């Protein structure tokens with residue numbers, strides 16, 4: 001497969017775009033409103049056309065290369081349920097971005113749509129009004145769609161991470177689409193995924209630590225861009241990290257050195273903290289993927305990303321549906 005085009009919105013650190021690239025999609029344009037994330041995208045793919053712009057301000061008529069792309073994709077800011085949003089004064093920015101993404105379908109007319117968000121958006125009753133809005137708009141435009149939840153650990157990512165997905169196709173193409181099936185074989189553990197990086201600076205305890213870290217990571221939470229520092233999530237997640245001998249209350253500047261003494265019985269001081277690069281490995285990023293910015297901004301980008309292996313699996317499933325149309329003799333001109 002190959003030769004498919006995409007328009008990526010809310011591109012972030014590029015997890016979704018990287019996975020889709022592996023699935024055969026080439027982005028004609030990537031939109032992202034955070035300067036540091038734009039730096040990350042350009043540092044890794046100099047050939048990508050990255051624009052620093054808020055999705056709500058983007059006018060596709062000024063960028064006609066996005067017309068009729070094969071796929072409109074995006075990992076959108078985490079939408080709150082209507083009830084939760086009503087309890088937070090004026091906090092409807094995430095819903096506005098979702099609406100802007102759906103509005104963009106009018107101007108772009110992609111053959112397919114892939115939007116990623118919280119799993120609750122895809123399955124919880126409290127999100128019914130949001131799903132109804134999206135469904136009415138897509139139906140009006142001639143798209144059929146499905147909501148679904150996938151777990152990144154089923155696709156080789158060493159992390160329990162449920163992701164809510166919306167996939168939509170023009171016309172009857174949805175009939176050709178099947179959600180990807182979990183990969184064969186066991187998922188790597190945290191220890192297996194991080195052994196090499198833990199020993200990169202000569203820490204003699206790396207193998208012992210990795211041998212007992214035989215679990216899948218809890219969901220890595222990027223946290224709010226507006227407050228707080230970098231840590232590995234809420235209290236429950238920190239307890240799970242502690243069970244693996246990891247200090248989940250901070251993020252390290254570098255891997256442990258030769259003098260680090262790993263002794264979880266001492267509490268946080270005896271547990272090993274993870275670096276941003278190690279968290280990126282647990283998200284499924286390749287080790288060569290560069291993350292721009294200072295530590296907290298780098299961690300936010302990684303923690304909020306779509307795991308590339310999951311994006312690749314879904315992207316391949318979408319590509320199969322799109323290419324099956326061009327292979328169908330009943331399809332005039334493949335479109």
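The values are calculated or read from the model by the stated rules, or taken from the named source; none is laboratory data. This is a predicted model, so every value here is computed, not measured. Reconstructed Cβ throughout: ideal geometry from the backbone, glycine too, with neighbour counts over all protein chains shown.
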Checklist outcome for this item: Checked segment 10-37 for anything surrounded by fewer than 24 Cβ atoms within 10 Å (Cβ to Cβ), assigned to a helix (DSSP H, G or I) and touching a strand residue (DSSP E or B) at 6+ places or on another chain (Cβ under 7 Å); matches are 35
Checklist entry - Would you say residue 231 is surrounded by fewer than 16 Cβ atoms within 10 Å (Cβ to Cβ) and either touching a helix residue (DSSP H, G or I) at 6+ places or on another chain (Cβ under 8 Å) or closer than 22 Å to residue 164 by Cα (or both)? => result no
Item to check | Hey, residue 180 part of a loop (DSSP other than H, G, I, E, B), touching a helix residue (DSSP H, G or I) at 6+ places or on another chain (Cβ under 6 Å), at pLDDT 95 or above and closer than 21 Å to residue 306 by Cβ or not | outcome: yes
Item to check | Some residue of segment 38-55 being under 16 Å from the mean Cα position of the chain (by Cα), within 16 Å of residue 297 (Cβ to Cβ), at pLDDT 95 or above and not in a helix (DSSP H, G or I) | outcome: no
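This table checks each residue for (1) in a helix (DSSP H, G or I); (2) closer than 24 Å to residue 303 by Cα; (3) in the same structural domain as residue 283 (by TED's automatic domain parsing); (4) touching a residue at least 12 places away in the same chain (Cβ under 8 Å).
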residue	(1), (2), (3), (4)
163	no, yes, no, yes
168	no, no, no, yes
204	no, no, yes, yes
211	yes, no, yes, yes
215	no, yes, yes, yes
224	no, yes, yes, no
229	no, yes, yes, yes
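For the structure I just gave you, tell me whether residue 7 is assigned to a strand (DSSP E or B) and in contact with a strand residue (DSSP E or B) (Cβ under 8 Å, 6 or more places away or on another chain). Step through it out loud before you land on a result.
Working: assigned to a strand (DSSP E or B): yes; in contact with a strand residue (DSSP E or B) (Cβ under 8 Å, 6 or more places away or on another chain): yes.
Against the criterion (assigned to a strand (DSSP E or B) and in contact with a strand residue (DSSP E or B) (Cβ under 8 Å, 6 or more places away or on another chain)), residue 7 qualifies.
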Checklist entry - Does residue 271 fit the bill of being modelled with pLDDT of 95 or more, in contact with a helix residue (DSSP H, G or I) (Cβ under 6 Å, 6 or more places away or on another chain), surrounded by 13 or more Cβ atoms within 10 Å (Cβ to Cβ) and over 21 Å from residue 161 (Cβ atoms)? => result yes
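Going through 141, 114 one at a time, which residue ends up being out of contact with any strand residue (DSSP E or B) (no Cβ under 8 Å at 6 or more places or on another chain) and either closer than 23 Å to residue 59 by Cα or without any contact (Cβ under 8 Å) to a residue 40 or more places away in the chain (or both)?
Working: 114 fails: out of contact with any strand residue (DSSP E or B) (no Cβ under 8 Å at 6 or more places or on another chain).
One residue alone meets the criteria, 141.
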Next on the checklist: List the residue pairs whose Cβ atoms are under 9 Å apart, where the first residue sits in segment 305-320 and is within 17 Å of residue 5 (Cβ to Cβ), the second is surrounded by fewer than 24 Cβ atoms within 10 Å (Cβ to Cβ) and at pLDDT below 95, and the two are 6 or more positions apart or on different chains.
Outcome noted: 316/1; 319/1; 319/2; 320/1
Checklist entry - Of the residues that make up segment 279-294, is at least one part of a helix (DSSP H, G or I), over 14 Å from the mean Cα position of the chain (by Cα) and in contact (Cβ under 8 Å) with a residue 60 or more places away in the chain? => result no
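Whether any residue in segment 63-74 is surrounded by fewer than 20 Cβ atoms within 10 Å (Cβ to Cβ), in contact with a helix residue (DSSP H, G or I) (Cβ under 6 Å, 6 or more places away or on another chain) and outside the structural domain of residue 296 (by TED's automatic domain parsing) is what I want to check. Break it down stepwise before answering.
Looking only at segment 63-74, we keep the residues that are surrounded by fewer than 20 Cβ atoms within 10 Å (Cβ to Cβ), and these are 63-65, 67-68.
Still in the list and also in contact with a helix residue (DSSP H, G or I) (Cβ under 6 Å, 6 or more places away or on another chain): none.
Looking for residues that are surrounded by fewer than 20 Cβ atoms within 10 Å (Cβ to Cβ), in contact with a helix residue (DSSP H, G or I) (Cβ under 6 Å, 6 or more places away or on another chain) and outside the structural domain of residue 296 (by TED's automatic domain parsing), one finds none in segment 63-74, hence no.
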Checklist entry - Is it true that some residue in segment 296-314 is touching a helix residue (DSSP H, G or I) at 6+ places or on another chain (Cβ under 7 Å), at pLDDT below 95 and surrounded by fewer than 24 Cβ atoms within 10 Å (Cβ to Cβ)? => result no
